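No lab work stands behind these numbers, since they all come straight from the coordinates. These numbers were taken from a predicted model, which means no experiment stands behind them. Here Cβ is always computed from backbone atoms with ideal geometry, including for glycine, and neighbour counts include all displayed protein chains.
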Amino acid sequence: MPRITTWNVNGIRNPFGYQPWREKRTFEAMFDILEADIIIFQETKIQRKDLKDDMVLIPGWDVYFSLPKYKKAGYSGVVIYTRNATCCPIRAEEGIFGVLCPPDSSTKFRDLPKEQQIGGYPTAEQLSSDIDEATLDSEGRCVILEFPAFVLIGTYSPANRDESRQEFRLGYLSALDARVRNLVAAGKQVILTGDLNVSRSEIDTINLSEQLRKEDMTMDDWMAIPSRRLFNQLLFEGQVRGDRDPGREQPVLWDICRCFHPDRKGMFTCWDTKRNTRPANNGARIDYLLCSAGIKDWFIDSNIQEGLHGSDHCPVYGTLGDTVKVDGQGCPYT
């Protein structure tokens, strides 16, 4: 039963300082413990020049990195590892817009021949920001793999740290929304995973009423925050206040972990390390595994792994059935 695991590791070697990872301190051993076939790490916080053989040459695994192009070390970064005995991608891309180039090529992904593209690239009309496409794709925030049965997007969305980054954050989320919708409209099944840096609803954060009181906000105000409103419009059963935005009239993704645990409180994936809020489980759920409607029933289990330490986040996984069908026909993962 293939398993997909997403984890913001807060530094690609960071988990090795914790049990159970510190015993062997190898990625191969880590992957065995995670029992996953596709692993998406966010915040690798490493530059290309610092990549080591043990990170990229793991027996039985293929690897796909997106690293920041201009930022200094200790920033962002996404990597997807795939177990080659279980699932082999047929196409791989870096970034949301398709404006970056494959290795050793000067042709942008979106300018490749159609049969070599994953497709679904956002158009100017779909975007809510004037931020340059190459700038949005330059921070090492997205890897996209296409398998015979689905397209997998691994992402690390910008955090809401200060006002100066708000336009960038919303520009990124808008582009991500557009890419997902375009792929689904093109008839492809999509799995979106990663740290989206937004809590979906009240059940996904601790002590919201106290937070609202301190900030003199209503629940409607909180749900109307642009990043949250945009995210909920993407989701089936998402809570959307008022009319939907043009181009976002229909939801397209299911929140798989919430599907299996619809009323579970305290299902948090991120905690404040400085304030040591994890022991009391005072956190938020900002890490997700989402999928398009056509493959929702492929998943037989999904959960968080809050008992696995090594970061200020915990892993989130989804398990697929051994066999899946596309248009009534069996479809391989490999």
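Out of 204, 255, 54, any idea which swings most in a Gaussian network model of the chain, alpha carbons joined below 10 Å?
So, out of 204, 255, 54, the one fluctuating most is 54.
Which one of 34, 57, 136 has the biggest mean-square fluctuation once the chain is modelled by GNM with Cα springs under 10 Å?
Looking only at 34, 57, 136, the largest GNM fluctuation is found for 57.
Could you give me the percent of Cα pairs per 20 Å distance bin for the chain, shortest bin first, beginning at zero and ending with the bin that holds the maximum distance?
Spelled out bin by bin, the chain gives 32, 62, 6 percent.
Using only the Cα atoms of segment 264-314, what are the Rg and Dmax in Å?
So, for segment 264-314, Rg and Dmax equal 13.2, 41 Å respectively.
Where the only charges are on Cβ atoms (+1 Lys, Arg; -1 Asp, Glu), what is the dipole of segment 3-331 about its Cα centre, to the nearest 20 debye?
540
At what distance in nm do the modelled label points of residue 236 and residue 185 sit from each other, each positioned 7 Å from its Cα along Cα→Cβ?
Distance between the two pseudo-spin positions: 2.0 nm.
Return the FRET efficiency for the residue pair residue 209, residue 128: r is the Cβ-Cβ distance, R0 is 25 Å, and the value is rounded to the nearest 0.05.
So, using R0 = 25 Å, E works out to roughly 0.25.
Please state the equivalent ellipsoid semi-axes for segment 43-184: what are the square roots of 5 times the Cα gyration tensor eigenvalues, largest first, in whole Å?
One finds semi-axes of 24, 20, 13 Å for segment 43-184.
Per residue of segment 301-316, in order, report the coupling 6.51 cos²θ - 1.76 cosθ + 1.60 (Karplus, θ = phi - 60°) as ³J(HN,Hα) in whole Hz, putting x for Gly and Pro.
6, 7, 6, 8, 10, 5, x, 8, 9, x, 6, 7, 10, 10, x, 10
Using the membrane-span-like helix rule (whole DSSP H runs, Cα extent along the own axis of at least 27 Å, mean Kyte-Doolittle hydropathy at least -1.0), which helices of the chain qualify?
Helices meeting the criterion: 166-185.
Quote the relative contact order of segment 103-261 in percent (integer), defining contacts as alpha-carbon pairs under 8 Å separated by 6+ residues.
19
Pick from 280, 293, 134: which is most flexible by mean-square fluctuation in a GNM of the chain where alpha carbon atoms under 10 Å apart are linked?
280
State the extension gain, in nm to one decimal, for the chain segment bounded by residue 265 and residue 245, taking 0.36 nm per residue of separation less the distance between their alpha-carbons.
4.3 nm
How much length would be gained if the chain were fully extended between residue 107 and residue 84, taking 0.36 nm per residue of separation minus their Cα-Cα distance, in nm to one decimal?
5.6 nm
Rank by packing, highest mean first: peptides 149-161, 215-227, with packing defined as the count of other Cβ atoms within 10 Å averaged across residues.
149-161, 215-227
Obtain the nm distance between the two label points defined at residue 329 and residue 296 by a simple spin-label model: each point lies 7 Å from its Cα along the Cα-to-C-beta direction.
2.6
What value, in deg cm²/dmol to 500, does the helix sum -39500 (n - 2.57) over DSSP H runs of n ≥ 4 give at 222 nm once divided by the residues of the chain?
That calculation yields -5000 deg cm²/dmol at 222 nm.
For residue 273 and residue 25, what is the calculated FRET efficiency with R₀ set at 25 Å and r taken between the beta-carbons, to the nearest 0.05?
0.75
Take peptides 191-197, 179-185, 243-249 and line them up by average Cβ neighbours within 10 Å, highest first, as a rough protection proxy.
Ranked by mean Cβ neighbours within 10 Å, highest first: 191-197, 179-185, 243-249.
Taking amide H positions as placed 1.01 Å from N in the peptide plane, with prolines and chain starts having none, which residues 5 or more places from residue 283, or on another chain, fall under 5 Å of its amide H?
206
Strictly over 32 Å apart at the Cα level, which of 52/108; 69/188; 24/49; 52/296; 114/296 would you flag in this model?
52/296
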